[in-house]
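S.K.: Below are the structure tokens for one structure; questions will follow.
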Amino acid sequence: MKRDVFFLYMHPSPLISIVAPVYNEAGNIAAFIKGIEDSVHEPHEILIVYDFPEDDTLPAIAAMHPPAHHVRLVHNTLGKGVLNAIKAGFAASKGDVVVFMAADCADDPRDVPTMVHLVRAGADVACGSRYMKGGKQIGKKFFKQLLSRVAGLTLHFFTRLPTHDATNNFRAYSRRVIELPIESKASFAVGIELVLKAHWNGWQVKEVPTTWNDRTEGTSRFNLFGWLPEYLKWYFLAYKKAWIG
């Protein structure tokens, strides 16, 4: 049975699950949700994944007018941190396509329908790409931008990974991708892990140009030097697989 037919059988009413971990995103969450509602007109759910009940994102959602009808709150009980929040969101998702987005409004929700269409047309991963033609990023610190750009472009050209932006987590996934075992121990490195595993399995990976905007509200928890070892592990494993097998 073909994959698309199988998923239509499993999900007779197609649904987009948008997974967004949060950590005190009261200043961004209303704009984030509104951006999705203005851009995504197919059946969807927005999974807001939080670590602790005191997170100021939750009352900000409750105070929204009109109410956020498509939002589903998911309490991450797997352990604190973004990796466990991602796992909890994936596990709670009900859609045939699962989209990961940052709740700080960094990702452009207008790209979601295109990414979803690619997955439903046969791709297993549709990557938002800052470094392909038409993509860009605004406001990121030079050193972080340099590292992500170099990593993405070298993996694309030297290991034939079918995206220019391996470290960008703005992605749409088929269900069989999010059900792969996750080996990463911390951080957003799960994104590069999943796209590499999909590629190694011979599954189709596509990309669309996107614009990434640095946050204007709240504080980022991105920990470059603390998380770098996880990124480097997958980066060098990609070369090993491509060159040695």
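S.K.: Is it the case that Ala126 is of a type outside the set (S, T, N, Q) and either modelled with pLDDT of 95 or more or closer than 17 Å to Ile16 by Cβ (or both)?
M.R.: yes
S.K.: Still on this structure, please answer the following. So which residues in the range 21-34 are assigned to a helix (DSSP H, G or I), in contact with a helix residue (DSSP H, G or I) (Cβ under 8 Å, 6 or more places away or on another chain) and more than 25 Å from Ala91 (Cβ to Cβ)?
M.R.: Hit for the range 21-34 is Ala30, nothing else.
S.K.: Based on what the data block shows, is Arg130 surrounded by fewer than 19 Cβ atoms within 10 Å (Cβ to Cβ), charged (D, E, K, R) and over 12 Å from the mean Cα position of the chain (by Cα)?
M.R.: Values: surrounded by fewer than 19 Cβ atoms within 10 Å (Cβ to Cβ): no; charged (D, E, K, R): yes; over 12 Å from the mean Cα position of the chain (by Cα): yes.
The answer is no for Arg130.
S.K.: Looking at the range 140-155, which of the residues that are over 21 Å from Phe100 (Cα atoms) and not aliphatic (A, V, I, L, M) is surrounded by the most Cβ atoms within 10 Å (Cβ to Cβ)?
M.R.: Among those that are over 21 Å from Phe100 (Cα atoms) and not aliphatic (A, V, I, L, M), it is Thr154.
S.K.: Looking at the range 61-76 only, could you name the residues that are part of a loop (DSSP other than H, G, I, E, B) and at pLDDT 95 or above?
M.R.: The first filter runs over the range 61-76 and keeps only residues part of a loop (DSSP other than H, G, I, E, B), leaving 63-70, 76.
Ala63, Met64, His70, Asn76, listed by residue number.
S.K.: Given the options Ala103, Ala92, name the one that is buried (at least 23 other Cβ atoms within 10 Å of the Cβ) and hydrophobic (A, V, I, L, M, F, W, C). Give the derivation first.
M.R.: Values: Ala92 fails: buried (at least 23 other Cβ atoms within 10 Å of the Cβ).
Within the list Ala103, Ala92, the selection yields Ala103.
S.K.: With (1) touching a helix residue (DSSP H, G or I) at 6+ places or on another chain (Cβ under 6 Å); (2) surrounded by fewer than 20 Cβ atoms within 10 Å (Cβ to Cβ) as the list, and Ala238 as the residue in question, which single condition is left unmet?
M.R.: (2)
S.K.: Strands (runs of 3 or more DSSP E) wholly in the range 108-222 with at least 3 residues that are in contact (Cβ under 8 Å) with a residue 24 or more places away in the chain and of a type outside the set (Lys, Arg) - which ones? Outline the logic, then answer.
M.R.: Values: elements: 125-129, 136-138, 171-174, 205-209, 211-213.
Those strands (runs of 3 or more DSSP E) span 125-129, 171-174, 205-209, 211-213.
S.K.: Quick one: which of Phe52, Phe90 is in a loop (DSSP other than H, G, I, E, B) and at pLDDT 95 or above?
M.R.: On the way: Phe90 fails: in a loop (DSSP other than H, G, I, E, B).
Answer to the selection: Phe52.
The values are calculated or read from the model by the stated rules, or taken from the named source; none is laboratory data. Since this is a predicted model, take the numbers as computed values, not measurements. Every residue, glycine as well, gets a Cβ built from its backbone with ideal geometry; the counts of neighbours run over all protein chains shown.
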